Amino acid sequence: MLSHALERGVLVITVTSDPGIDGRALLLEKIDDLVRAHRPAPVVIVLEEPAARGAAVSVVLRAHRLCGRLGVLLSVATHSAPARRLLEAGADTSGTRLVVHARADTAVTAAAFAAAA
């Protein structure tokens with residue numbers, strides 16, 4: 001369902017498949033564990049095409065709120081234009097803005113620069 005790596009000081013979490021309604025809580029728990037373990041590193045969640053559906057988008061929006069509470073910068077990358085629109089429309093606007101990218105390499109570079117600033 002997911003994999004993770006550290007790239008240039010950025011925690012990159014790749015969601016490879018849609019968790020479905022029943023798997024949302026487990027996916028969020030795994031993301032929460034990774035974010036807390038690598039804190040204060042910024043996070044990029046990459047939604048691969050099979051994962052760019054409603055359940056995974058919902059988890060990313062919840063992860064954004066979680067990261068906001070923890071003071072961790074979160075960005076998202078997905079090739080799916082519909083998923084990017086859903087993420088931008090549903091993002092929490094009371095804290096740090098959720099930045100949504102079309103490419104993972106761009107998201108990691110931006111997050112690395114933001115962390116260094």
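Can you confirm whether GLY20 is in contact (Cβ under 8 Å) with a residue 24 or more places away in the chain and either in contact with a Cys (Cβ under 7 Å, 6 or more places away or on another chain) or within 22 Å of ALA110 (Cβ to Cβ) (or both)?
Values: in contact (Cβ under 8 Å) with a residue 24 or more places away in the chain: yes; either in contact with a Cys (Cβ under 7 Å, 6 or more places away or on another chain) or within 22 Å of ALA110 (Cβ to Cβ) (or both): no.
So GLY20 does not fit the description; no.
How many of the residues in segment 71-89 are out of contact with any strand residue (DSSP E or B) (no Cβ under 7 Å at 6 or more places or on another chain) and either at pLDDT 95 or above or open to solvent by 60 Å² or more (accessible area, probe 1.4 Å) (or both)?
Residues meeting the conditions: 6.
For segment 16-43, name all the residues that are modelled with pLDDT of 95 or more, closer than 19 Å to ALA116 by Cα and open to solvent by 90 Å² or more (accessible area, probe 1.4 Å).
none
Exactly one condition in (1) over 20 Å from GLY9 (Cα atoms); (2) in contact with a strand residue (DSSP E or B) (Cβ under 7 Å, 6 or more places away or on another chain); (3) of a type outside the set (Asp, Glu); (4) open to solvent by less than 10 Å² (accessible area, probe 1.4 Å) is not met by LEU47; state its number.
(1)
Tell me whether segment 51-59 contains one or more residues that are in contact with a Gly (Cβ under 6 Å, 6 or more places away or on another chain), at negative phi and modelled with pLDDT under 95.
The initial filter retains those residues of segment 51-59 that are in contact with a Gly (Cβ under 6 Å, 6 or more places away or on another chain), namely 55.
Okay, now just the ones that are also at negative phi, so 55.
If we keep only those that are modelled with pLDDT under 95 too, we end up with 55.
Yes, some residue in segment 51-59 is in contact with a Gly (Cβ under 6 Å, 6 or more places away or on another chain), at negative phi and modelled with pLDDT under 95.
For residues that are part of a helix (DSSP H, G or I) and under 13 Å from the mean Cα position of the chain (by Cα), scanning just segment 87-102, find the one that is nearest to ARG62 (Cα to Cα). Write out each step before concluding.
As a first pass, look at segment 87-102 and keep what is part of a helix (DSSP H, G or I): 87-90.
Filter once more, so that each one left must be under 13 Å from the mean Cα position of the chain (by Cα): 87-88.
Details: LEU87: 11, GLU88: 13 Å.
Residue satisfying both the conditions and the ranking: LEU87.
Restricting to segment 61-117, name every residue that is touching a Cys at 6+ places or on another chain (Cβ under 9 Å) and hydroxyl-bearing (Ser, Thr, Tyr).
THR96
Keeping to segment 103-117, report how many residues are in a helix (DSSP H, G or I), surrounded by fewer than 19 Cβ atoms within 10 Å (Cβ to Cβ) and either modelled with pLDDT of 90 or more or out of contact with any Ser or Thr (no Cβ under 9 Å at 6 or more places or on another chain) (or both). So that I can check it myself, show each step before the final result.
First, pick out the residues of segment 103-117 that are in a helix (DSSP H, G or I): 104-116.
Restricting the remaining residues to those that are surrounded by fewer than 19 Cβ atoms within 10 Å (Cβ to Cβ) gives 105-106, 109-110, 112-116.
Still in the list and also either modelled with pLDDT of 90 or more or out of contact with any Ser or Thr (no Cβ under 9 Å at 6 or more places or on another chain) (or both): 105-106, 109-110, 112-113, 115-116.
The qualifying residues number 8.
The values are calculated or read from the model by the stated rules, or taken from the named source; none is laboratory data. This structure is a prediction, so every number in the text was calculated from the model and none was measured. FYI the Cβ positions are ideal-geometry reconstructions off the backbone, even for glycines, and counts take in every protein chain you see. Note: areas computed on protein heavy atoms with side chains; ligands, DNA, RNA excluded. Shrake-Rupley method; radii C 1.70, N 1.55, O 1.52, S 1.80 Å.
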